[in-house]
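Presented below is the structure to which this report refers.
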Amino acid sequence: MEVDKGKGEAEETRKVAEADRDTVTLKSSDGKLFEVSKEAAARLSTVLAGMIAGGSIDDNGTDLKQIGSEALENVVDYCNKHANSIPSAALISSSISFNTAPFKEPEEWERKFVDRLSHDALFDLVEAANFLGMERLLDVTCHKISEMMKGKSPDQIREVFNIKNDYTKEELEEIRQELAWAFYDD
Amino acid sequence: MSTSSVSSCREGGRTVPAPPPAMTTLVAPAARDWAALPSDIVLDVFLRLGPLDVLLDAELACKPWRRVALEEPTLWRRVGFDKRDYSDERWRRSCHDFKENMWQVALDRAKGQCEAFKGSCHDDDLLHLVGRCSPSSRSLRLISDISLIGMRTCSNLSAKLVLT
């Protein structure tokens with residue numbers, strides 16, 4: 001059988017996968033199958049690396065019951081994009097603020113990758129990254145979430161993330177008193 | 001009169017007690033509970049925000065998030081309340097006692113793990129502050145004029161720290 005290597009098309013990838021087994025098949029909670037580069041999966045996810053090393057990868061689709069198909073598609077998409085990207089030299093950010101430890105800044109394509117996600121999809125992706133032990137993807141998603149919070153009041157944060165205010169007025173007042181919350185023009 | 005493709009609409013003076021079906025499709029369902037985000041993810045996000053944003057805003061969004069802020073000393077390893085780090089309008093307007101309390105609260109929460117501190121501090125409070133920082137503190141950056149710090153305080157400090 002002739003296989004045209006070097007093309008990134010889905011069908012071609014599948015044929016190559018079957019021939020060379022350089023991909024693994026993952027199965028979402030709702031039973032959908034996804035192919036991912038074995039090298040990228042092992043490099044980016046400690047959990048998948050452990051499964052590959054331990055031989056617990058199922059050729060017919062390794063069950064990931066905690067991850068839905070939309071989130072798994074994003075995980076796989078991220079892994080495959082990562083496999084094809086050339087890492088830039090300066091990954092560690094120069095910490096702008098005294099308060100934050102230096103974090104790895106997302107690359108441009110990674111920013112775009114999370115920017116296009118809905119809030120629900122972002123939530124599912126960060127949970128999937130956490131579950132699969134994907135440090136780099138956690139960096140990228142947590143960075144995005146922190147950007148969504150930065151400079152916002154508690155009310156605005158609740159609005160952005162659709163969070164119900166579970167504080168009573170008295171409780172909030174008590175917390176503010178702990179901080180001796182007071183402004184000159186109050 | 002033109003009819004839109006939206007099936008449900010109110011006509012003239014007719015009152016419709018229940019919200020029209022179209023409304024429910026316009027409002028996105030609140031499927032994900034961000035308050036229930038795993039605490040290690042909340043911690044990761046809070047570490048990126050820094051202590052001031054967490055204390056003033058993020059932890060007040062909901063109780064589970066505040067629990068992370070209260071119970072994760074690692075969040076308070078680096079505590080900087082220097083106004084030069086903030087363009088926050090409220091910070092500029094806040095009174096001295098408030099700022100003073102901010103670092104007290106932050107250091108309480110650090111449970112002795114604070115490794116780097118930057119901010120204003122009175123002479124009297126300095127030893128107290130240093131005592132509450134981690135023995136492995138790498139940086140203590142104070143805004144106070146060093147000449148205002150008493151000699152005794154200085155000699156007590158010098159055994160422990162290099163002031164930057």
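For the residues A:171, A:178, the requirement of being open to solvent by 20 Å² or more (accessible area, probe 1.4 Å) and more than 7 Å from every other protein chain (Cβ to nearest Cβ) singles out A:171. When the stretch B:58-81 is filtered for residues that are at pLDDT below 90 and at the interface with chain A (Cβ under 8 Å from one of its Cβ atoms), the ones remaining, listed by number, are B:77, B:78, B:79, B:80.
The values are calculated or read from the model by the stated rules, or taken from the named source; none is laboratory data. Computed from a predicted structure; not experimentally measured. Neighbour counts run over all protein chains shown; Cβ positions are idealised from the backbone, glycine included. Accessible surface is based on the protein model in full, side chains and every heavy atom, while ligands, DNA and RNA are left aside. Shrake-Rupley method; radii C 1.70, N 1.55, O 1.52, S 1.80 Å.
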